[in-house]
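Colleague: Can you keep this structure in mind? I'll have questions shortly.
The values are calculated or read from the model by the stated rules, or taken from the named source; none is laboratory data. These numbers were taken from a predicted model, which means no experiment stands behind them. Heads up, the Cβs are rebuilt from the backbone with ideal geometry, glycines too, and the neighbour counts pull from every protein chain shown.
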Amino acid sequence: MLLSTSFLISALVANPVLSLPSSAYTFSPYPSSTASPFTPPNLTSSTQPSSPNNFTTDEPYLEVVHEIYNLTTFPTGVAVDLDNRIFINFPRSASNNDVTLGLADSFNTTVAYPNASIQTCQPGQNVSTCFVNIQSVVIDSSQRIWALDTGAGPAQTNAVEYGAKIMSFNLTTNEMIDNYVLPYSISANGTSINDVRFNLSMSTAGVAFLTDEQGSLITIDLASHTYTRRLFNTSVVAADELFVGSFDGTPFYEWKGTKRSHVEIGSDGIALANGNLYFAPLASRRLYQINQTILANASLTDTEILNAVEFIGQVGSYLEGFTADDQGRVYMGTAEQNSITYFNTSISSLSNSTMLNGLNASSTNTTNRGVIPASDLEVAPFVRSANIQWPDSMCIENGYLWFTTNQLPLQGTYQRNDITKASLPYKVYRTSVGGAGPAV
């Protein structure tokens, strides 16, 4: 049966009286934008950035690194390479953008990546070789860049045959390395792939883990091109019935003209840390984990997979993009609080002052491989600001957490009469994670 555990939550706003700096920051290398920081109560100086209190940083609080000035071209995914090149994708869920995957070539412009010709499938072209609708972009630990294609264009409910896929490219030559096309038996069954993470130490060449907004998790063995859909139609990957969240203090619904309905987005955010996969349905406030090896084991039954899922708990917000660093910290977009929160997964990160249920850094637990059990995970604020307008996706590179904001609930799909209330520019930010690198 599904494991249910208690969950310890740190209040996102523990102290209503918060200090703000006396003067605005001037950010580099792009000084045209500034952001006034929110200072969490666990920091002693209002001039310090908001960071987990077990590491220090002297970087600016919240730095705008890119701006987008096309109202219908909003960003979702972001990936950053070792040279700090910023890759951004622009989904075609609502409009047919000319570019669905781009590389920032200035503070407010992008160029098509890897080239212009791949951005749109031409009549008669094999859609497995071109972009239909890029929803996410990720750079793996081998420095390959991956584009996740839902395979469904504007106003399309299901993916076109051979359209749902993940494609990898060489960051030096920009040439395609490999292409993993979801079997139509999976993609045609109401699948809407949303995000992907890679563990290259598993199997022969690694395993890709994908979230499916229609309610499943998908694994791909990169060596054998074996695809497995798991947890389909189970509650752990499904939206809450009649879910209502809030955004900037306003209830959050879907609209078609004057007809209102509830948001029904299932499994969305995903991160890999310490051998576990952490995930959450978007239209909920629930958080789960499952062992990566168990999820990727094709010989297990669906019931056995479901029994291995652990319910971490309610987290006080619906959750968007996830990422993890090499210190075992998982970061989550928590838009209801205009924030990004985090939790530690490594027992070694604990001290006597952060003891949870008798667990601290000296605890030994071979069963949990030095990983904090689900019952002891504790969510805490990482960064909070009114500037964080729906932190959709994020990544970690070169000591920073990079994330997109796209005001998703203000887009036409979520507004009465389908009229967008989003305001330009959309922004990509970064903030320091104290020298941490991406999870591997």
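Colleague: For region 66-76, check the following and say yes or no: at least one residue is under 17 Å from the mean Cα position of the chain (by Cα), under 20 Å from ARG197 (Cα atoms) and at pLDDT 95 or above. Before the answer, list the steps.
Modeller: Residues of region 66-76 under 17 Å from the mean Cα position of the chain (by Cα): 74-76.
Narrowing further to those that are under 20 Å from ARG197 (Cα atoms): 75-76.
Now drop any that are not at pLDDT 95 or above, which leaves 75-76.
Yes.
Colleague: Quick one: in region 409-423, which of the residues that are within 22 Å of the chain's Cα centre (by Cα) and of a type outside the set (Gly, Ala, Ser) is farthest from GLU336 (Cα to Cα)?
Modeller: Among those that are within 22 Å of the chain's Cα centre (by Cα) and of a type outside the set (Gly, Ala, Ser), it is THR413.
Colleague: Answer with yes or no whether PHE247 is hydrophobic (A, V, I, L, M, F, W, C) and surrounded by fewer than 22 Cβ atoms within 10 Å (Cβ to Cβ).
Modeller: Taking the combined requirement at face value, the residue satisfies it.
Colleague: Please work out which residue is farthest from the chain's Cα centre (by Cα), limiting yourself to region 284-299 and to residues that are crowded, with 17+ Cβ neighbours inside 10 Å and not in a strand (DSSP E or B).
Modeller: Checked region 284-299; the qualifying residue farthest from the chain's Cα centre (by Cα) is ILE294.
Colleague: Next question. Quick one: in region 393-427, of everything that is among the aromatic types (Phe, Trp, Tyr) and closer than 17 Å to TYR61 by Cα, which residue is surrounded by the most Cβ atoms within 10 Å (Cβ to Cβ)?
Modeller: The extreme case among them is PHE403.
Colleague: Right, here's the next one. Looking only at region 208-239, how many residues end up being of a type in the set (D, E, K, R) and either over 21 Å from the mean Cα position of the chain (by Cα) or surrounded by fewer than 19 Cβ atoms within 10 Å (Cβ to Cβ) (or both)?
Modeller: 1
Colleague: Need a quick list: strands (runs of 3 or more DSSP E) entirely within region 322-440 having at least 1 residues that are basic (Lys, Arg) and at pLDDT 95 or above. Reasoning before the result, please.
Modeller: Numbers: elements: 322-324, 329-334, 339-344, 378-384, 391-397, 400-405, 426-432.
Filter on region 322-440 gives 329-334, 426-432.
Colleague: Conditions first: (1) at pLDDT 95 or above; (2) in a loop (DSSP other than H, G, I, E, B); (3) closer than 29 Å to GLU67 by Cβ. SER142 passes all but one, so which condition is the exception?
Modeller: (3)
A quick yes/no check of all residues on (1) within 21 Å of TRP390 (Cα to Cα); (2) in contact with a strand residue (DSSP E or B) (Cβ under 7 Å, 6 or more places away or on another chain); (3) of a type in the set (Phe, Trp, Tyr):
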position	(1), (2), (3)
ASP178	no, yes, no
ALA188	no, no, no
ILE220	no, yes, no
GLU241	no, no, no
GLU254	yes, yes, no
LYS259	no, no, no
ALA271	yes, yes, no
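Colleague: Cβ contacts < 9 Å: first residue in contact (Cβ under 8 Å) with a residue 60 or more places away in the chain and under 20 Å from TYR180 (Cα atoms), restricted to region 102-130; second residue assigned to a loop (DSSP other than H, G, I, E, B) and among the hydroxyl-bearing types (Ser, Thr, Tyr), any location; separation 6+ or different chain. Result?
Modeller: From residues that are in contact (Cβ under 8 Å) with a residue 60 or more places away in the chain and under 20 Å from TYR180 (Cα atoms), the pairs are PRO114/THR173.
Colleague: Out of all the residues in region 209-239, which are free of Cβ contacts under 8 Å to residues at least 60 places away in the same chain and in a strand (DSSP E or B)?
Modeller: Hits for region 209-239 are ASP212, SER216, ILE218, ILE220, TYR227, ARG229.
Colleague: With the checklist (1) modelled with pLDDT of 95 or more; (2) touching an Asp or Glu at 6+ places or on another chain (Cβ under 6 Å) in hand, flag the one item TYR184 doesn't pass.
Modeller: (1)
Colleague: I'm checking my understanding of the structure. Among residues of region 145-185 that are among the small types (Gly, Ala, Ser) and surrounded by 17 or more Cβ atoms within 10 Å (Cβ to Cβ), which one is nearest to ILE270 (Cα to Cα)?
Modeller: Looking at the filtered set, the residue picked out is ALA147.
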